[in-house]
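Sharing a structure, written as C-alpha cells. Questions coming.
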Amino acid sequence: MKYEIQVTNWKKNGIALSKIRREVFIEEQNVPEELEWDEFDNECIHILVTSESNLAIACGRLKPDGHIGRMAVLKNYRKTGIGTATLLALLKSAQKMNLNRVYLHSQITAIPFYEKQGFETTSEIFMDANIPHKTMEKHLKSDIPE
C-alpha cells in the first residue's frame with residue numbers, strides 16, 4: 001500500500017486531522033466529543049498520513065513537552081504498518097525538537113504495539129474517556145529508522 005506521511009500543523013490540516021479523529025475516537029470508540037477536542041492542537045506538531053488517492057487515513061500529534069497522542073488509523077488501514085510509520089514520524093519530530101524522552105497514554109489493547117517500538121509502561125491502569133490506559137515512555141536516542 002502506498003501512502004504519504006507529512007509533518008504538518010492544525011492550521012494547515014485541521015479539517016483532515018479532525019475527520020480521522022472523529023471517525024476513530026468519537027464514532028468508533030464512543031469518546032465524548034468534549035474530551036476529544038482541546039486547546040493543545042494549535043501548539044502541536046501533527047502527522048497526517050494520506051492514501052494514494054489523497055484520503056486522510058491516519059494521524060498523531062506531539063505536544064512540546066514530548067506527549068504523543070491522538071494516534072489514530074482508520075479501521076480499513078490498520079495492520080498495514082501505517083501506525084508504525086506514523087509513530088516513527090512523531091519520534092523523528094521529537095528528536096528534531098531535541099527531546100530526551102517522549103510519553104503517551106496507551107489504551108491497554110495498544111500496549112504491545114508501543115512496546116515493539118521500545119516504549120515501557122510507567123503507570124498502573126487508569127481510565128480516560130471510559131477506556132483503560134497506561135502511561136508509557138521512551139527515552140530517545142539517535143537511532144530511529146528512516
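Just so it is clear, none of the values below were taken in a lab; they were calculated from the coordinates. For clarity, every value in this text was computed on a predicted model and none was experimentally measured. As a convention, Cβ positions derive from the backbone with ideal geometry for all residues, glycine included, and neighbour counts pool all protein chains shown.
Nothing charged except the Cβ atoms of Lys and Arg (+1) and of Asp and Glu (-1): what's the magnitude of the dipole of the chain about its Cα centre? Round to the nearest 20 debye.
Using only the charged Cβ atoms, the result is roughly 520 debye.
If you don't mind, there's one more thing I want to ask. Short version: ³J(HN,Hα) in whole Hz for each residue of segment 126-140, in order, from phi by Karplus 6.51 cos²θ - 1.76 cosθ + 1.60 (θ = phi - 60°), x for Gly and Pro, what are they?
After applying 6.51 cos²θ - 1.76 cosθ + 1.60, I find 9, 9, 9, 6, 6, 10, x, 9, 9, 7, 10, 9, 9, 8, 8 Hz.
Counting each DSSP H run of 4 or more residues in the chain as -39500 (n - 2.57), what helix-only mean residue ellipticity at 222 nm follows after dividing by all residues, to the nearest 500 deg cm²/dmol?
-7000 deg cm²/dmol
Identify, among Y3, G14, V31, the residue whose Cα sits farthest towards the positive end of the charge dipole of segment 1-61, taking +1 on the Cβ of Lys and Arg and -1 on the Cβ of Asp and Glu, with the dipole about the Cα centre.
Looking along the dipole axis, the top candidate is Y3.
Averaging over all projection directions, find the projected area of the Cα convex hull of segment 18-85 and quote it in nm² with one decimal place.
Computing the convex hull of the Cα atoms and averaging its projections yields 4.9 nm².
Return the whole-Å distance between the Cα centroid of segment 1-31 and the Cα centroid of segment 95-146.
Their Cα centres are 20 Å away from one another.
Report the label-to-label distance for R78 and E43 in nanometres (one decimal), using points 7 Å from each Cα along the Cα→Cβ vector.
It works out to 3.1 nm between the two label points.
Something else now. Let me check I've understood the local charge: for K63, count other residues with C-beta under 12 angstrom from its C-beta, Lys and Arg +1, Asp and Glu -1. What total comes out?
After counting each charged neighbour, the total is -3.
Distance check, please: which entries in K19/K141; K2/K92; K12/K141; K11/K92; K19/K116 exceed 24 angstrom between their Cα atoms?
From the list (K19/K141; K2/K92; K12/K141; K11/K92; K19/K116), the Cα-Cα distance tops 24 Å for K19/K141; K12/K141; K19/K116.
Given the Cα-Cα distance of E120 and E23 and 0.36 nm per residue of separation, how much length would full extension add, in nm?
Here the answer is 32.1 nm.
Taking Rh as the Kirkwood radius computed over C-alpha pairs, what is the Stokes-Einstein D of segment 3-139 at 37 °C in a medium of viscosity 0.692 mPa s, expressed in µm² per second?
Reported coefficient: 219 µm²/s.
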